[in-house]
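The values are calculated or read from the model by the stated rules, or taken from the named source; none is laboratory data. What you are looking at is a predicted structure, and each value in this text was computed from that prediction instead of being measured. Neighbour counts are summed over all protein chains in view; Cβ atoms, including those assigned to glycine, are modelled from backbone coordinates with ideal geometry.
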Amino acid sequence: KNEVEQSPQNLTAQEGEFITINCSYSVGISALHWLQQHPGGGIVSLFMLSSGKKKHGRLIATINIQEKHSSLHITASHPRDSAVYICAALIIQGAQKLVFGQGTRLTINP
Amino acid sequence: NAGVTQTPKFQVLKTGQSMTLQCAQDMNHEYMSWYRQDPGMGLRLIHYSVGAGITDQGEVPNGYNVSRSTTEDFPLRLLSAAPSQTSVYFCASRLNLAGNTIYFGEGSWLTVV
């Protein structure tokens, strides 16, 4: 079992729908990152969370440390949101390495 | 401020050849790392560095070498390429161990035939 699991692996929705992507982890972490990988391959950082909730535009990320679970929500989804979304856990011990989920491929149809 | 610059973007190698993937950042970041991304798998850590002169192995280090002679540069060397090293490689940096934002290079698509 991977230390970081994402669900679903693939998600197709219609423009305007509310999107939720889930990330569960089984290790002790100091923070969790959400990343977006564009179709061309580039990866950008969306959020880093250690507790609670963060919001940026139509994107909202939450984390529940006790339940070892984080979610990424997209409100009023748009075709330009189509991308792979990746969560990455910052492991608490040692050199604070990142462990990545497999990614969720999101497709928003017009 | 160019962020993380990674080259080359595409490369085809023959089995047994060696090559170096270059990575440079201009943000004075302490922490730099190399990952590989394979279909159906998350990014996996190859090597990382917490500062100039300090490197360490990640999850999948075999067949790769790194060095960190300056804060800015963190090249990844493939010593004797194998088909199993066909992958997409990403260099990343962040300010320090607990850095808020991770900056990624654009990726290098490597095919070993």
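Filtered by the rule that a residue be surrounded by 19 or more Cβ atoms within 10 Å (Cβ to Cβ), under 20 Å from B:S18 (Cβ atoms) and free of Cβ contacts under 8 Å to residues at least 60 places away in the same chain, segment B:86-113 gives a lone residue, B:S87. Looking only at segment A:19-46, which residues are among the hydrophobic types (A, V, I, L, M, F, W, C) and in contact (Cβ under 8 Å) with a residue 24 or more places away in the chain? A:I19, A:I21, A:C23, A:V27, A:I29, A:A31, A:L32, A:W34, A:L35, A:I43, A:L46, listed by residue number. For segment B:71-103, name all the residues that are at pLDDT 95 or above, over 14 Å from the mean Cα position of the chain (by Cα) and closer than 11 Å to B:H29 by Cα. Correct list: B:T71 only. Among strands (runs of 3 or more DSSP E) entirely within segment A:1-86, having at least 1 residues that are under 24 Å from B:S93 (Cα atoms) and away from every other protein chain (no Cβ under 13 Å) singles out A:52-56, A:59-64, A:69-74.
Would you confirm whether any residue within segment A:36-58 is at positive phi and surrounded by 14 or more Cβ atoms within 10 Å (Cβ to Cβ)? Checked segment A:36-58: at least one residue is at positive phi and surrounded by 14 or more Cβ atoms within 10 Å (Cβ to Cβ). So in segment B:1-18, with the set limited to residues that are touching a Phe, Trp or Tyr at 6+ places or on another chain (Cβ under 7 Å) and surrounded by 13 or more Cβ atoms within 10 Å (Cβ to Cβ), which one is nearest to B:V88 (Cα to Cα)? Out of the qualifying residues, it is B:V4.
Against the list (1) over 24 Å from A:Q36 (Cα atoms); (2) small (G, A, S); (3) crowded, with 16+ Cβ neighbours inside 10 Å, the condition B:A82 fails is (3).
Scan segment B:77-107 for residues that are away from chain A (no Cβ under 14 Å) and either in contact with a Pro (Cβ under 9 Å, 6 or more places away or on another chain) or not β-branched (V, I, T) (or both) and the total you get is 9. Counted as qualifying within segment B:17-86 are the strands (runs of 3 or more DSSP E) with 3 or more residues that are within 14 Å of B:S108 (Cβ to Cβ), namely B:19-25, B:31-37, B:76-78.
Matching residues to (1) touching a Pro at 6+ places or on another chain (Cβ under 8 Å); (2) over 22 Å from A:Q6 (Cα atoms); (3) more than 10 Å from chain A (Cβ to nearest Cβ); (4) surrounded by fewer than 16 Cβ atoms within 10 Å (Cβ to Cβ):
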residue: B:T20; (1), (2), (3), (4): yes, yes, yes, yes
residue: B:A24; (1), (2), (3), (4): no, yes, yes, no
residue: B:D38; (1), (2), (3), (4): no, no, yes, yes
residue: B:E59; (1), (2), (3), (4): no, no, no, yes
residue: B:G63; (1), (2), (3), (4): no, yes, yes, yes
residue: B:T70; (1), (2), (3), (4): no, yes, yes, yes
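In segment A:90-105 there is no residue that is surrounded by fewer than 17 Cβ atoms within 10 Å (Cβ to Cβ), more than 13 Å from every other protein chain (Cβ to nearest Cβ), of a type outside the set (D, E) and in a loop (DSSP other than H, G, I, E, B).
For (1) within 14 Å of chain A (Cβ to nearest Cβ); (2) over 25 Å from A:Q6 (Cβ atoms); (3) free of Cβ contacts under 8 Å to residues at least 12 places away in the same chain, each residue gets a yes or a no:
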site: B:V4; (1), (2), (3): yes, no, no
site: B:V12; (1), (2), (3): no, yes, no
site: B:H29; (1), (2), (3): yes, yes, no
site: B:W34; (1), (2), (3): yes, no, no
site: B:G51; (1), (2), (3): yes, yes, no
site: B:D56; (1), (2), (3): yes, yes, yes
